[in-house]
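Before any comments, here is the structure.
The values are calculated or read from the model by the stated rules, or taken from the named source; none is laboratory data. Please read all numbers here as calculations on a predicted model, not as lab measurements. Neighbour counts run over all protein chains shown; Cβ positions are idealised from the backbone, glycine included. What goes into the accessible areas is simple: the full protein's heavy atoms, side chains included, and nothing from ligands, DNA or RNA. Shrake-Rupley method; radii C 1.70, N 1.55, O 1.52, S 1.80 Å.
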Amino acid sequence: MDTLKREVLSQRVRQVKPSGIRKFFDIINTMPDVISLGVGEPDFVTPVHIRQAGIRSIELGHTRYTSNFGMIELREELAAMLHRRYGLTYDPTSELLVTVGVSEGVDLAMRTIIDPGDEVISPDPGYVAYEADIIFAGGVPVPVPTYAQYEFGVRASEIAAAITPRTKMILLGNPNNPTGAVIPQVELEGIAKLAIEHDLIVAIDEVYSRLVYDQEHRSIASLPGMRERTILLDGFSKAYAMTGWRIGYVAAPAHILEAMLKIHQYTIMCAGTAPQEAAIQALRHGENDVRRMYEDYSRRRRMFVDGLNRIGLNCCEPRGAFYAFPYVGASGMTDEDFAEKLLFEEHVAVVPGSAFGLAGKDYVRCAYCTAYDQLEEALVRIDRFLKKYSTGSST
Ligand SMILES: Cc1ncc(COP(=O)(O)O)c(C=O)c1O
């Protein structure tokens, strides 16, 4: 971009790099027969009864704004669900806000809490929007590396080492995108202790909370002393296969939620009405669908992660979400080269780990939310790709 055009843009926007993933998706869209392990989105369609609730809402002429907070029926269902799942009590009239996806919730959390120069600690690799949202709010991202040897679980000791007098917040994804890591209970407790000691806010993105395998999901908000300093962000995109509906929520103490509402009401007004009615249906009658999709992801995860390790791509156990994050450094290629060559030569799309932070270098993210037989075929292609290059390097 020429200098004149560039100078029009704010420093904050200029500071954020364009998404490293976009380039790949643009290429994928031009190629037939690509098996895409690139997109972190359920391959299921929203369950039919939830879709019908959205259609019914429109047919009944529910086409107006709702309350800025979101429909009270939805907030009441959310409060009941949070109580059932975590034993947490949130007042539906002042402590719950319906958002346009967790995406909006993360942005609101940053802009509500962060002043220019405030530091926000967040695990690396992490979801691409975190760093951008911190910068858009004027904050300073402080990445804390996570390691395959600890299954990429963030450790309280690493967070402790990153705390400075400017630290205002810890932003966590649990489970994590791109690694599928779940924060171990003992680390969650350690992080809670740090937050209390240093008087920090914790923003926790739990959009994958219904996709935790072989253990129960625990929210950091439910630990002693944490409810009053936690901004809990969750939504319907992943659990109910509702990405396109753009619906999520925030649960937070009233004084924080009221401030978040201030930004939400001036920038968004309210979440869509039909999506809110669909979300009510999801909470009231969608439990079997969540279980069904969970079982399916669980089956794919077992096959795919075992398969990666079998063909020589070391992959630690992803305990949540629908991502595997294997090490590709042994191939002698950078993660970007690996992803690019794999796409052009074998038509399998994965995302270079470095798109999610420096600590993701030498890894790639594979989203296994695609059909079982496609995953099997992807393994065949990746195996062939690896063999080709290992032969190549020895001759
Ligand atoms: C960790 C994480 N948070 C938030 C989002 C966005 O969620 P939503 O669709 O609710 O905005 C995603 C989407 O991929 C994600 O991976």
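Can you give me the Cα centroid spacing of segment 38-92 and segment 99-175 in angstrom?
Centre-to-centre (Cα) distance: 27 Å.
Run lengths n ≥ 4 of DSSP H only: what is the helix-derived mean residue ellipticity at 222 nm for the chain, with -39500 (n - 2.57) per run over all residues, to the nearest 500?
Numbers: 14 runs with 172 residues, N = 395.
After summing the helix terms and dividing by the residues of the chain, the value is -13500 deg cm²/dmol.
Using Cα atoms only, what is the angle between the long axis of helix 72-86 and the major principal axis of the chain, expressed in degrees (0 to 90) to the nearest 10?
Its long axis makes an angle of about 60 degrees.
Using the per-residue mean of other Cβ atoms lying within 10 Å as a proxy for protection, in what order, highest first, do the peptides 273-286, 328-341 fall? List each step's numbers first, then the result.
Values: 273-286: 22.0, 328-341: 17.9.
The peptides rank, most packed first, as 273-286, 328-341.
Highest mean first, what order results for 236-244, 170-178 on Cβ atoms within 10 Å? The partial results should precede the final answer.
On the way: 236-244: 22.3, 170-178: 27.4.
Descending packing order for the listed peptides: 170-178, 236-244.
Comparing Gly61, Gly117, Gly320, which has the greatest mean-square fluctuation in the GNM of the chain with Cα pairs linked when under 10 Å apart?
Its mean-square fluctuation being the largest, the pick is Gly61.
7 Å from Cα along Cα→Cβ at both Val34 and Asp2: what's the point-to-point distance in nm?
Output for this residue pair reads 3.3 nm.
Quick one: if you stick a label point 7 Å off each Cα along the C-beta vector at His217 and Tyr294, how many nm between them?
0.9
With springs only between Cα atoms under 10 Å, which of Val351, Val13, Val182 fluctuates most in a Gaussian network model of the chain?
Val13
Probe radius 1.4 Å, ligands and nucleic acids left out: which of His255, His62 has the largest accessible area, and how do the rest follow? Working shown, then result.
On the way: His255 130, His62 75 Å².
Result of the area sort, largest leading: His255, His62.
So with the 1.4 Å probe, I'd like the accessible area per residue for the chain, rounded to whole Å². All intermediate terms of the calculation are to be shown ahead of the outcome.
Working: 17250 Å² over 395 residues.
Dividing the accessible area of the chain by its residue count gives 44 Å².
Sorting check: for 138-149, 258-269, which peptide has the highest mean count of neighbouring beta carbons within 10 Å, and how do the rest follow? Can you show the working numbers first?
Values: 138-149: 17.8, 258-269: 15.6.
The densest-packed peptide leads the list: 138-149, 258-269.
What are the trypsin sites (Lys or Arg not before Pro) within segment 33-104 that DSSP puts in a loop, where the Cβ has at most 10 other Cβ atoms within 10 Å? Display every interim value, and only then the final one.
Numbers: sites: Arg51, Arg56, Arg64, Arg75, Arg84, Arg85; in loops: Arg64.
Here the trypsin sites (Lys or Arg not before Pro) that fit, given the DSSP loop and packing criteria, are Arg64.
Modelling each spin label as a point 7 Å along the Cα-to-Cβ direction, I'd like the Ile27/Tyr150 distance in nm, to one decimal.
So the two model labels end up 3.3 nm from each other.
Could you give the length gained by full extension between Ile55 and Asp337, i.e. 0.36 nm per residue of separation minus their alpha carbon distance, to one decimal place?
Numbers: separation 282, 0.36 × 282 = 101.52 nm, distance 4.50 nm.
Gain on extension, Ile55 to Asp337, equals 97.0 nm.
Roughly speaking, what is the stretch gain from Gln374 to Met303, that is 0.36 nm per residue apart minus the C-alpha to C-alpha distance, in nm to one decimal? Each step should come with its number before you reach the end.
Numbers: separation 71, 0.36 × 71 = 25.56 nm, distance 1.18 nm.
Full extension from Gln374 to Met303 adds 24.4 nm.
Translational diffusion coefficient, Stokes-Einstein: compute it for segment 49-285 using the Kirkwood radius over C-alpha pairs as Rh, at 10 °C and 1.306 mPa s, and state it as an integer in µm² s⁻¹. Intermediate values should be presented prior to the final figure.
Values: Rh = 17.9 Å.
D = 89 µm²/s.
Rg(Cα) of the chain divided by 2.2 N^0.38 Å?
Numbers: Rg = 21.1 Å, N = 395, 2.2 N^0.38 = 21.3 Å.
Relative to the 2.2 N^0.38 Å estimate, the chain comes out at 0.99.
Within segment 191-313, what percent of beta bridges assigned by DSSP are antiparallel, to the nearest 5?
On the way: 4 of 8 bridges.
Of all bridge pairs located within segment 191-313, approximately 50 percent are antiparallel.
Let me see the P(r) profile for segment 149-277: every Cα-Cα distance counted, bins of 10 Å, each bin given as a percent of all pairs.
Using 10 Å bins, I get a P(r) of 12, 39, 34, 14, 1 for segment 149-277.
Using DSSP, restrict attention to beta bridges with both residues in segment 49-285 and report what percent are antiparallel, rounded to the nearest 5.
Values: 8 of 26 bridges.
Of all bridge pairs located within segment 49-285, approximately 30 percent are antiparallel.
Round to the nearest 10 and give me the degree value, 0 to 90, for the angle of helix 273-285's Cα axis relative to the longest principal axis of the chain.
That helix lies at roughly 80 degrees to the long axis.
So how much slack lies between Glu287 and His83, counting 0.36 nm per residue of separation and subtracting their Cα-Cα distance, in nm? Could the numbers behind the result be given before it?
Details: separation 204, 0.36 × 204 = 73.44 nm, distance 1.57 nm.
The span from Glu287 to His83 would gain 71.9 nm if fully extended.
Given segment 238-395, what whole percent of its Cα pairs are spread farther than 20 Å?
Of all Cα-Cα distances in segment 238-395, 61 percent exceed 20 Å.
Helix 287-310: angle to the longest alpha-carbon principal axis of the chain, degrees 0 to 90, nearest 10?
30
Do you know the Lys pair count in the chain for C-alpha distances under 30 Å, with sequence separation 8 or more or different chains?
Pairs that pass both the separation and distance tests number 26.
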